[in-house]
């Protein structure tokens, strides 16, 4: 007989069918729920929950393991004995590639041993491991050994855009992009009886916050002092516990910066040089050209010089030529008509040699040419009106030359 049907007595509809031609076993339908229950030999098959493999179509439930039965084979008597469930999936070559264990709840993907599995989920130890181990075994006869794999965890948003990636190949952690801001927020633990639970949904309450959108790094606040400590390579693990051994220490509580070495401002120049400048209010409504000599006005703001030997000289507008200010003081970004003025250091300055040729080392003062310096030839008038010294000669005409600003 190629088929064996079983019908419902009340409806005469087939609810179980064994089809020898197709190799099918069909259970359920026609008003009945299909179920396959497999029992150990000592269990009581009249009790459904004693099955150790149970497939139920009614609620889409599959259970492997568990169950219960008596060692004596009776429903009542000695202690209950259960069975651990194991789900094993193999490839076409007979290699086991997935192992789910009911004993400890672990899932191994890619191999059947913990050492070789590239992906392991173990709730017993709270472990999620991705990478390492071995790739699925190669086809028999190829003479190749399984290769280890780099771990990669990729998290996508609802629009299927990757927004977080942890990649072992390059040891990278990438967050943000594809329409999302990347942030890393670290929170302090809550201590003390009756302490409120920290709201981790609010990144402003984090004590360390790296914000991808505004490119900010914040440390401290919310009851914690912020500190940034940088140590040299030869500092021991014991010394690291002492903030005083740090080569650079930014103290958020005191507002101090402690540096054991030198401060080198290499970004202050294009080629060489640099100066210390301070932002001043400018009387002119337009931006004044870098290199212009400035004097103090009646209201404390600055304006371009326009007379010789002016004792109100304040400095030179920074940023001309190859020199850039290394330090800018009193910078207020929100206020208009403010420009950095070099107070000391090397700066390019507008110089007029029509009054007298200039040699290296000559003292310079203001001239009658607006915004230009000239050689200071009158010692009596020069006192208090010297801008600095020329660092390059100028035989004739007007030009930008480097000078050493040193107000005298």
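Bear in mind that the values in this text are calculations on the coordinates, not laboratory data. This one's a predicted model, so the numbers in the text were calculated from it and none came from an experiment. Don't worry about glycine lacking a Cβ; one is built from the backbone with ideal geometry, like all the others, and counts go over all protein chains shown.
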Over the chain, how many percent of alpha carbon pairs lie in each 10 Å bin up to the one with the longest distance? 4, 12, 13, 13, 13, 11, 9, 7, 6, 5, 4, 2, 0, 0
With the 8 Å Cα cutoff and a minimum separation of six or more residues, region 216-262 has a relative contact order in percent of 32 percent
For the pair residue 204/residue 258, report the inter-label distance in nm, with labels modelled 7 Å from Cα in the Cβ direction. 3.3 nm
Across 149, 365, 113, the residue with the highest GNM fluctuation in the chain (Cα network, 10 Å cutoff) is 365
Which of 210, 55, 13 moves most in a GNM of the chain, Cα contacts under 10 Å? 13
Remind me, relative contact order of region 4-50 in percent, using alpha carbon pairs under 8 angstrom and six or more residues apart? 21 percent
Stokes-Einstein diffusion coefficient for region 86-126 at 10 °C in a medium of 1.306 mPa s, Rh from the Kirkwood formula over Cα pairs: what value in µm²/s? 156 µm²/s
Which FRET efficiency value, to the nearest 0.05, do you get for residue 90 and residue 234 by plugging their Cβ-Cβ distance into 1/(1 + (r/R0)^6) with R0 = 51 Å? 0.40
With r defined as the distance between the Cβ atoms of residue 378 and residue 337 and R0 fixed at 35 Å, what FRET efficiency is calculated, to the nearest 0.05? 0.55
For the peptides 121-130, 296-305, what is the packing order when you average, over each peptide's residues, the other Cβ atoms within 10 Å and list the highest mean first? 296-305, 121-130
Checked region 286-408 against the a/c 1.5 cut and the a/b vs b/c comparison, axes a ≥ b ≥ c from its Cα gyration tensor; verdict prolate
Residue-averaged [θ]222 nm for the chain, counting only DSSP H segments that reach four residues, each worth -39500 (n - 2.57): -500 deg cm²/dmol
Between residue 170 and residue 395, Cβ-based FRET efficiency (R0 60 Å, step 0.05) works out to 0.55
Two pseudo-spin positions, 7 Å from Cα along C-beta at residue 41 and at residue 406, lie apart in nanometres by 10.7 nm
I want to verify a result. In a Gaussian network model of the chain, Cα cutoff 10 Å, which of these has the top mean-square fluctuation: 213, 323, 286? 286
